[in-house]
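Working notes, structure below.
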Amino acid sequence: MKNNIKAKKRFGQNFLKDSSVLTRIIQSMPHNNNHIVEIGPGLGDLTQNLVKYKDTTAYEVDTDLISILKSKFAIELQSERFKLIHTDVLEAWDKNGSLYDGKYDLIANLPYYIATNIILRAFEDVNCENIIVMIQKEVALKFSATAGDKEYSSLGVITELISKESEILFDVPPESFDPPPKVMSSILYVSKDTNVALDKDFNKFLKVCFSQPRKKLSKNLSSIVNKEFLSNIYNELNLKETLRPHEVSASLYSQLYTKVINGKQRS
Ligand code: SAM
């Protein structure tokens, strides 16, 4: 293991050792004046590259790594180019609502066990404008999928609605890490549309829509909406009764949600 540190599975520790991947991540950074937030700086290899370009705030949960990072970045910490926060990042979001008090871009090699959750929280965080994260390839495909794709789910719908642009930038094989993860990884890029704020309950609505992916959407929705009301909505939106969840575009899901919510509020 790098630096004689034994990687902890429970914290999803797979340290990036391939410097060409680090370079490509840095080259993908948006050209703006935003602050950088990194989640899980680990041994600081990505961090070292980030602080060269911009002021950076990093959140790390592992006490053993905090002491390594403090000595590695002593100068940057003192000059306040770098701020290191020792906490579980999800708790920080619960407590403060945002990871930084100003516009920021999230750039990180995420711990895979909470990667989906982290990205959804970053979508909700109004100060976060761009996201460049390494995650499991299978999960990246879900975030970047659109209607008709095999991987299309609530994650693809939310990403399409919340973003100006989203794509998988490149894949990273297990050998680029120490220890190597069991799966292929990808870098996901999302540039958020800062004019869009999704309703808090929209995600719950989508979970219902995709609850049985192979069944008809109307069947899934029948658990929260009565049949007659749903049939009226389908008529208004000109939808076929036989539609399956993966055939409905993100904007149609948004319209469906508005009609369901408005109808519920009236009844
Ligand atoms: N950035 C480093 C790199 O690229 O080599 C390490 C990436 S490693 C995949 C994930 C990092 O996230 C680890 O440093 C781990 O300790 C940290 N981590 C795991 N769970 C966390 C949490 N809940 N909050 C903050 N950091 C976390």
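Here, each number is a calculation from the coordinates, and none is a lab measurement. Source: prediction; values computed, not measured. Because the Cβ atoms are built from the backbone with ideal geometry, glycine has one as well, and the counts that use them run over all protein chains shown.
Things to note:
- Gain on full extension, evaluated as 0.36 nm per residue between residue 240 and residue 255 minus their Cα-Cα distance, stands at 3.9 nm.
- For the stretch 121-156, trypsin sites (Lys or Arg not before Pro) meeting the loop criterion (DSSP other than H, G, I, E, B) and having at most 16 other Cβ atoms within 10 Å: 150.
- Nearest-20 debye value, the chain charge dipole, Cβ charges on Lys, Arg, Asp, Glu: 820 debye
- Overall form of the chain per C-alpha gyration tensor (a/c, 1.5; a/b vs b/c): prolate
- Selected from 186, 223, 144 as most flexible by GNM, with the chain as the system and alpha-carbon contacts under 10 Å: 223
- Nitroxide proxy distance, nm - points 7 Å out along Cα→Cβ at residue 113 and residue 79: 3.6 nm
- Aspartates and glutamates with Cα under 16 Å of residue 17, excluding same-chain neighbours fewer than 8 positions away: 45, 171, 175, 178
- Taking a ≥ b ≥ c as the square roots of the eigenvalues of the alpha-carbon gyration tensor, the stretch 200-266 is classed rounded because a/c is under 1.5.
- Working note: Karplus 6.51/-1.76/1.60 with θ = phi - 60° gives the stretch 231-240 the couplings 5, 5, 4, 4, 5, 4, 8, 6, 9, 7 Hz, where Gly and Pro are set to x.
- Sum of -39500 (n - 2.57) over DSSP H runs of 4+, divided by residues of the chain (222 nm, nearest 500): -11500 deg cm²/dmol
- Pair residue 226, residue 207: separation of 7 Å Cα→Cβ label points (nm): 2.6 nm
- Overall form of the stretch 9-107 per C-alpha gyration tensor (a/c, 1.5; a/b vs b/c): rounded
- Extension reserve of the residue 91-residue 219 stretch, reckoned as 0.36 nm per residue once the Cα distance is removed: 42.4 nm
- Residues with amide H under 5 Å from that of residue 163, placed H, sequence gap 5 or more: 193
- Contour minus Cα-Cα distance for residue 151 and residue 32 (0.36 nm per residue): 39.6 nm
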